[in-house]
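Only the coordinates and a few stated rules stand behind these numbers; no lab work does. Not measured: the values here are computed from a predicted model. Here the Cβ is made from the backbone with ideal geometry for all residues, glycine too, and neighbour counts use every protein chain on show.
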Amino acid sequence: MSKTRHQEEIEEEENLFYEVHEVVVRKLGHVPIAKGDFHYLPKKVQRYVAKWVQICKPRAIYICDGSQDEATEVIHKLEERGMLHKLKKYQDNYIVRTDPADVARVESKTWMCTEQKYDTVPHVQPGVVGILGKWISPDEAAEHLENYDGCMAGRMLYVIPFSMGPIGSPLSKIGVELTDSNYVLLCMRVMARVSNDVWHFLREGDGEFVRCLHSMGCPRPVQRKTINHWPCNPEKVFIGHFPDKREICSFGSGYGGNSILGKKCFALRIAGCIARDEGWLAEHMLIMGLTNEKTGKETFLAAAFPSACGKTNMAMLTPSIPDYTVRCVGDDIAWMRFDKDGVLHGINPEAGFFGVCPGTNMKTNPNAMLTCMKNSIFTNVAETADGGFFWEGLEDETDPHVTITDWLGNNWRRGQPGKAAHPNSRFTCPAGQCPIIHPKWEDKKGVPISAFIFGGRRPTGVPLVYEAFSWRHGVMIGATVKSEATAAAEFAGKSIMHDPMAMRPFLGYNFGKYLDHWLSLEKPPHKLPKIFHVNWFRVDEEGQFMWPGFGDNVRVLDWIIRRCEGDDSIAIKSPIGYLPKKGSINMDGLGKINWEELFSLPKHYWTSDIEENIRFLDLQVGEDLPQAIRDELAVQKKRIEEELFADDGK
Ligand code: OXD
Ligand code: MN
């Protein structure tokens with residue numbers, strides 16, 4: 001196979017480096033090392049750092065070691081500057097307000113850069129604007145990269161060694177992030193494993209690491225007025241991924257998903273490409289373990305939901321029935337590989353939770369609340385005068401007389417129009433603090449996964465739960481995931497959007513090839529997880545939720561687990577998959593639940609839904625759509641036409 005331009009660039013740099021190593025180090029010599037020993041870094045890392053130091057021109061280099069002293073030093077600096085302050089109600093919790101122009105992932109400025117366009121995006125039908133991945137040519141990307149010239153002038157460059165996944169696990173991967181934002185450093189310390197040990201590991205292993213460059217894009221003296229001590233450059237935001245080079249270059253935004261590069265950029269988009277090449281899966285999934293209290297048997301489930309559908313709530317749910325103990329392995333991303341016996345094992349590559357605050361409270365997610373009582377960072381939340389955090393959903397847990405300052409720094413009164421906290425305000429907290437964190441959450445082998453669950457916010461038509469007939473049918477169900485739009489990205493409103501496999505914003509390569517990759521996993525000795533679809537969000541004619549959700553979702557998970565154990569007596573065949581037989585989900589103590597409505601399949605809904613799905617995939621994936629998925633869609637359409645009766649759904 002011929003080398004891509006990116007691979008050639010890497011090799012060229014490599015050769016050059018050995019020749020000019022001394023020069024590189026001498027050049028660095030103009031830029032003082034504020035902390036750490038540059039010569040101690042593996043050679044490849046030295047070269048990577050040297051390259052960007054020469055371009056970005058920081059005032060000094062700070063090589064992070066992950067120690068507590070390091071965090072204390074940075075926190076003090078930021079406190080002095082006024083960017084961050086302590087929430088004195090808790091232990092070592094801090095609040096940060098961003099520039100209001102920098103509050104979410106910017107999907108319109110997030111690109112994958114490959115030489116061949118169709119490596120990144122599918123062949124959409126003529127005239128169609130593709131929504132599954134965004135491609136940028138190397139030439140266009142090069143123009144954006146020009147913005148890095150001098151972008152760190154007057155600022156410190158932090159070199160952050162990190163591991164996604166437990167250091168040393170065969171399922172883990174190493175990254176090095178270069179950033180001029182100390183807020184990003186603080187968040188990376190929570191969300192990834194930042195440690196000096198990474199250097200040893202790189203030296204002992206294959207030396208491969210994902211290159212992660214981040215700049216706020218505000219060299220000193222600043223050109224743009226800094227708001228809330230939050231430098232950013234919204235006009236020039238660029239989140240570029242270079243899968244051939246295993247490199248990410250992020251510019252202009254300090255917000256989480258754009259800047260904490262271990263997360264969406266590395267652990268989903270770049271890792272997705274690595275997973276395709278190496279035969280594993282990097283997915284937007286939580287992992288949870290449920291132990292049956294009677295039998296002691298534990299089952300691990302991985303669930304994919306579009307952003308802001310309550311993944312964090314589900315990952316650490318408090319069961320409303322005593323039958324199960326739930327423990328959390330991860331709330332957002334799963335890396336999974338089949339072992340030699342064909343069992344799929346998953347790890348959570350992250351070390352922390354970066355959760356949406358509004359809606360989180362002691363009723364909806366007590367475990368998340370307890371996780372973030374210390375050592376956490378709160379971004380764009382409101383603050384109470386007694387040093388607490390506040391956001392929509394905490395009304396009943398907050399002194400009604402306390403004064404509140406909203407996320408913009410203004411006085412805020414309950415009941416006034418507008419939100420106290422930004423809808424995408426976040427807590428960043430160490431996963432290890434979660435009261436129900438699984439003892440194996442850092443197990444290097446990972447945990448065995450029995451089922452995949454897809455879901456979305458689907459107010460109409462979609463039943464509480466159904467099960468795929470087969471792996472292929474399940475992949476088709478995943479490919480047609482849809483949900484109401486979210487505040488986690490820049491979109492507004494409540495339209496239903498396609499979000500295939502809950503991966504739409506996080507796809508690292510052509511979605512048709514991604515489906516091929518999933519389908520290719522159906523081979524010996526792989527023991528494939530069963531696939532389910534759930535919908536906690538169906539509403540009745542009055543617009544009321546038909547299912548209580550939250551801790552009661554365990555009742556649905558119980559049905560799923562019994563299906564995984566092979567209980568055939570609890571399912572009935574329907575045109576869209578297996579549905580629970582009436583009464584097979586434990587509804588004890590729930591009051592009035594309208595089973596018929598909750599599981600109804602209105603013919604008009606499913607007819608237009610399947611037609612819309614076929615159209616969507618045809619327009620958006622075109623010739624790249626695997627034939628197996630086309631076939632699954634066609635037979636599902638036929639089943640809907642032939643087996644659903646018009647009066648089935650009221
Ligand atoms: C997130 C998301 O996890 O947007 O932040 O999915
Ligand atoms: Mn997510």
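Points worth noting:
- Mean Cβ count within 10 Å, highest first, over the residues of peptides 362-370, 232-240, 301-309, 594-602: 301-309, 232-240, 362-370, 594-602
- Pairwise centroid distance, computed over Cα atoms, of the stretch 144-217 with the stretch 414-456, Å: 23
- Dividing the mean sequence gap of close Cα pairs (under 8 Å, 6+ apart) by how many residues the stretch 517-571 holds gives a relative contact order of 21 percent.
- Whole-Å distance, taken between Cα centres, linking the stretch 460-480 and the stretch 564-607: 13
- Shape call, the stretch 553-609: gyration tensor on alpha carbons, a/c limit 1.5: oblate
- Computing Rg and the Kirkwood Rh from the Cα coordinates of the stretch 491-650 gives a ratio, Rg/Rh, of 0.97.
- Placing R0 at 22 angstrom, the Cβ-Cβ distance between residue 611 and residue 495 gives a FRET efficiency of 0.75 after rounding to 0.05.
- You can think of it this way: the chain between residue 277 and residue 292 has 1.7 nm of extra reach, that is 0.36 nm per residue less the Cα-Cα gap.
- Put simply, when 266-272, 605-611, 394-400 are sorted by average Cβ atoms within 10 angstrom per residue, most first, you get 266-272, 605-611, 394-400.
- Computed label-point distance, nm, for sites residue 545 and residue 631 using a 7 Å Cα→Cβ extension: 4.0
- Near-label residues of the stretch 597-632 by backbone N, under 17 Å of a point 7 Å along Cα→Cβ of residue 572: 597-603
- Here the stretch 49-150 yields Rg over Rh of 1.12, to two decimals, using C-alpha coordinates and the Kirkwood radius.
- Cubic angstrom per residue, convex hull over Cα atoms of the stretch 78-237: 183
- Listed residue pairs exceeding 26 Å between alpha carbons, taken from 445/527; 440/581; 263/444; 245/440; 530/638; 236/419: 440/581; 245/440; 236/419
- Simple spin-label estimate for residue 408 and residue 646 in nanometres, 7 Å along Cα-Cβ: 5.2
- Alpha carbon convex hull of the chain, projected area averaged over orientations, nm²: 29.0
- Summed over qualifying helices (DSSP H, 4 residues or more, each -39500 (n - 2.57)) and divided by its residue number, the chain shows a 222 nm mean residue ellipticity of -8000 deg cm²/dmol.
- Using the Karplus relation 6.51 cos²θ - 1.76 cosθ + 1.60 with θ = phi - 60°, the per-residue 3J(HN,Hα) values for the stretch 173-178 come to 9, 9, x, 10, 9, 9 Hz, with x marking Gly and Pro.
- Label-point separation in nm, residue 386 to residue 139, each point 7 Å along Cα→Cβ: 6.4
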